[in-house]
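The values are calculated or read from the model by the stated rules, or taken from the named source; none is laboratory data. Since the structure is predicted, the reported quantities are computational estimates derived from the model, not experimental observations. Here the Cβ positions follow ideal geometry from the backbone for every residue, glycine too, while neighbour counts run over all protein chains shown.
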Amino acid sequence: MSTGYRPLVFAHRGGADALPEHTLGAYLRALEEGADGLECDVRLTRDGHLVCVHDSKLDRTSDGRGRVSSKTLAELDSLNYGSWHPGYPADAELPDLARLLTLERLLEAVRSCGRPVRLLIETKHPSRYGAEVERRLVRMLRHYGLADPKPDDDVQVTVMSFAALALRRIRAQAPALPTVYLMEFVPPGAGRGRLPFGARTAGPGVELIRARPSLLPAIKAAGHQVYVWTVNDEADLSLVLEHRVDGVITDRPRFVLDQLDRM
Ligand code: G3P
Ligand code: CA
């Protein structure tokens with residue numbers, strides 16, 4: 001872009017438009033295409049493993065049924081997470097398009113992919129397990145040396161949540177870990193630019209930006225960054241670029257990268 005401004009581009013659920021969401025094949029493809037980073041959701045299995053699945057139930061994105069939280073890792077690992085999606089290739093060109101993605105598998109992959117990666121990890125439904133999701137997440141990030149980020153680390157993790165409580169738990173256990181406060185509506189204080197529990201970045205939905213364009217100047221004036229989700233078409237991309245957001249979270253990373261290259 002001629003102005004020197006260019007937002008970071010994050011592949012939402014790995015780039016959920018073209019390929020089955022939350023599969024390693026989708027994430028690797030997004031990195032090949034040049035995404036700056038990846039977004040994933042994490043949930044806990046019945047036996048305490050962190051897995052990358054968006055919905056509370058398996059029904060939409062696998063050939064299984066029922067709640068993720070009621071299954072063991074071994075049960076979840078036996079399902080197919082790709083065949084439901086129109087982009088699932090019949091020739092299995094990318095074999096990791098069908099396998100359950102655990103957070104551990106994702107961290108191993110980004111660590112060994114040979115390029116810098118920003119990873120946005122969203123914790124889902126913290127109340128269901130009390131503090132367990134955040135506790136296990138921080139423990140795993142510590143194991144990989146990612147809980148106390150340094151500027152030259154190749155993998156940079158940021159934790160995101162719609163729940164201020166989750167951000168408080170992350171801050172208490174890993175104060176140096178950056179966090180994003182996700183917003184579907186304007187929570188108390190956020191309209192004046194205040195974010196809870198040391199969150200560095202605001203994460204409004206693009207619908208919220210359309211409905212409340214005054215929100216972003218207030219957040220930026222308070223010194224926060226802004227990552228907007230889920231930006232999938234030209235109109236929404238133009239809107240968030242006008243606001244000079246710091247990050248764009250998209251199901252269509254290739255489309256967004258192409259648009260940015262043309263500017
Ligand atoms: O990146 C934030 C966005 O992912 C939040 O919405 O429902 O896709 O997790 P959702
Ligand atoms: Ca998410």
Item to check | Output for the range 172-187, where each listed residue is within 18 Å of the chain's Cα centre (by Cα) and in contact (Cβ under 8 Å) with a residue 24 or more places away in the chain | outcome: L177, P178, V180, L182, M183, E184
Checklist entry - Does P20 satisfy being out of contact with any Gly (no Cβ under 9 Å at 6 or more places or on another chain) and assigned to a loop (DSSP other than H, G, I, E, B)? => result no
Item to check | Failed criterion for P149 (all others in (1) exposed (fewer than 14 other Cβ atoms within 10 Å of the Cβ); (2) assigned to a loop (DSSP other than H, G, I, E, B) hold) | outcome: (1)
Item to check | Failed item, numbered, when M140 is tested on (1) under 23 Å from A172 (Cβ atoms); (2) touching a Cys at 6+ places or on another chain (Cβ under 8 Å); (3) part of a helix (DSSP H, G or I); (4) not small (G, A, S) | outcome: (2)
Checklist outcome for this item: Within the range 202-231, the residues that are within 11 Å of ligand 1 (Cβ to nearest atom) and of a type in the set (S, T, Y) are Y227, T230
Next on the checklist: Looking at the range 89-107, can you tell me whether even one residue there is more than 23 Å from P20 (Cα to Cα), assigned to a loop (DSSP other than H, G, I, E, B) and either modelled with pLDDT under 95 or away from ligand 1 (no atom under 16 Å from the Cβ) (or both)?
Outcome noted: no
Item to check | Considering residues of the range 32-91 that are surrounded by fewer than 20 Cβ atoms within 10 Å (Cβ to Cβ) and of a type in the set (F, W, Y) only, the residue nearest to L257 (Cα to Cα) | outcome: Y88
